[in-house]
Amino acid sequence: MIISSGRLRVRSAVLMFAVAVLALAGTVTALARSTTANAAAGDVVALAGVEDDGADCPVSPPGSFPSNSRLPDPFTKLNGQRITSQSDWRCRRAEIRELAERHVYGDKPAKPAGVTGTVSTSGITVNVSHNGRSASFSAGVQLPSGTGPFPAVIVYGGFGGDTATIRAAGAAIITFDPYTVGREGTPRTNKQGAFYTLYGNTSPTGLLMAWAWGVSRIIDVIESSGGSILRADIGVTGCSRFGKGAFAAGVFDQRVALTMPIESGTAGLPVYRGVNAEGGQTLSSAYGEQPWFGDAFSPYTGNPNTTPIDTHSLVAMVAPRGLFVMDNPHITNLGPRSASVAALGGAEVYKALGVQNNLLYHSNVTDGNHCANRTEWRTPLTQAINKFLRNTGTFTGGVTMHSKATGTLSQWRDWTTPTLTTGPTSTTTTTTTTGDTTTTTTTTTTTTTSQQPGGCTATVSLNQWTGGFVATVKVTAGSSPVSGWTVAMTLPSGATVTNSWNVNRSGNTGAVNFTNVSFNGNLAAGQSTEFGYQATGSGAGMTPTCTAR
């Protein structure tokens, strides 16, 4: 049974009517179910009150897409125009969602008409009916100490983030067995589980999307339960194949306040265009191992450059909500370098929306065991629970990479990050964060800019780890075109350049000049290009000076 992607249009009239009524009343922000605020930092994160708040957006994908070895531009709409305001992101996100369903996961049906269930102190039951068919599944509940109602983290298979730390932070644990919704070990022509009972065992929707659908139905039941035991402030986590599932759940349900995939590997966070070459599990292997991907992904397993989407845009779909990605740099098969590239790319959307501190990618860990509870993650895990689920405290985002698996975004993109105007608040409830840095960065990041009379600007962003860093330098022409440029930087004492790309350089320590190469020297007025380098030591405090020719 094939599920029509026409579901995007079904709810449009209802949703647009609701928005119109709220707007007339001056209460569009009432669509937000929950708001997390840090008054001291002026930091506000609002959640959509519905599973998909872009359901009213018109989406008309073209019949074909050009092959592209670089990551597709998340800021360019299907009609070729770039978005210019933060309010534009809602419908651009809807376009990305449609591409992800058509080409990667398969369709995720909207909430069925019949969803009932119960919430108790020990469990949740979910009963779903659709078109004369019915299915049921359940999940376990473990409450933290204290007085409820409690926020909750849905843990795939009980195998995800450190559950002791989560409960100690004041959140309940919901243990979700995804195999009851979509069973592994079944062929694509005879898929099993509650999802396929409703939508047909030959449905082209893959297991990851079926599992995400199951998470959404759990949230439905929690929302309708009255809130005496659990609040509808929900996080989701899982490791390995369950990390793939947790990532998909957060991507496709905007009611998920905090998404926490761990070591997700291929079909999870790693970019499709990079994971094969990195030595991670190949796309073909992942597609054949289990029906995680939707059937439509088959043509891309051998040539990912032809897919119109990549995982950096899926990371972006989580914005502006909380995203804490935990990764393992010690197992190449997991594709950690490709995962960090996805995080870096998605972080550009977080940055453009003014919520860069809501995303943290963390692979700088010493323990190489798969799915181990890392001591390095406990503090940010607690902070994430507090900020995104308990509405208190602060959380510092960034991309904290281990030197063994360091991705570089400049090698993977040919687009720049626009400055999006804030404009009026849209129904996404995307809100600009104030008081944060304006970088894309990690543990320690500095961004400095210098404008010289020669007519160019240089900006440097750091991805810093203990003992080393990667610097990404953006060069932008001023009001006149340039035919060449030089960026001068003085490295801190002890810092040594070990590698660079898209640039010529003089020297490795102290005062270093970086000069354009043949293909990136000519810039039109306002146009930008990027180069990068890796170095030992610390890069803190560097100020670039740009001179144009």
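The values are calculated or read from the model by the stated rules, or taken from the named source; none is laboratory data. This one's a predicted model, so the numbers in the text were calculated from it and none came from an experiment. All Cβ positions, glycine included, derive from the backbone under ideal geometry; neighbour counts span all protein chains shown. Surface areas here come from the heavy atoms of the whole protein model, side chains and all, with no ligands, DNA or RNA. Shrake-Rupley method; radii C 1.70, N 1.55, O 1.52, S 1.80 Å.
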> Among residues other than Gly114 whose Cβ falls under 11 Å from its Cβ, what is the net charge (Lys/Arg +1, Asp/Glu -1)?
Replying inline: +2
> Can you give the % of DSSP beta bridges in the chain that are antiparallel, to the nearest 5?
Replying inline: 70
> Quick one: with all protein chains in place, what share of the accessible area of the chain is carbon or sulfur, to the nearest percent (1.4 Å probe)?
Replying inline: 51
>> Counting only other residues whose beta carbon sits under 11 Å from that of Asn68, what net charge do I get with K and R as +1, D and E as -1?
In response: 0
> Given a 1.4 Å probe, how much area per residue of the chain is accessible, in Å²?
Replying inline: 35
> Hey, what did the chain get for relative contact order, percent, Cα under 8 Å, at least 6 apart?
Replying inline: 14
> Of the chymotrypsin sites (Phe, Trp or Tyr not before Pro) in region 452-549, which ones lie in a loop per DSSP and count no more than 10 other C-beta atoms within 10 Å?
Replying inline: Phe519
> For region 248-342, which GluC sites (Glu not before Pro) are in a loop by DSSP, counting at most 15 other Cβ atoms within 10 Å?
Replying inline: none
> Rounded to the nearest 500 deg cm²/dmol, what is the calculated helix-only ellipticity per residue at 222 nm for the chain, with -39500 (n - 2.57) per DSSP H run of length n ≥ 4?
Replying inline: -6000 deg cm²/dmol
> Just one of (i) 37, 35, 23; (ii) 55, 33, 19; (iii) 38, 24, 24 is semi-axes √(5λ) of the Cα gyration tensor in Å as worked out from the coordinates here. Which one is it?
Replying inline: (iii)
> Among the lysines, which fall within straight-line cross-link reach of Lys387, defined as a Cα-Cα distance under 25 Å, with same-chain neighbours fewer than 8 residues apart omitted?
Replying inline: Lys244, Lys351
> For region 452-549, what's the relative contact order in percent, using C-alpha pairs closer than 8 Å and at least 6 residues apart?
Replying inline: 43
>> Less than 11 Å Cβ to Cβ from Pro149, Lys/Arg counted +1 and Asp/Glu -1: what total charge do the surrounding residues give?
In response: 0
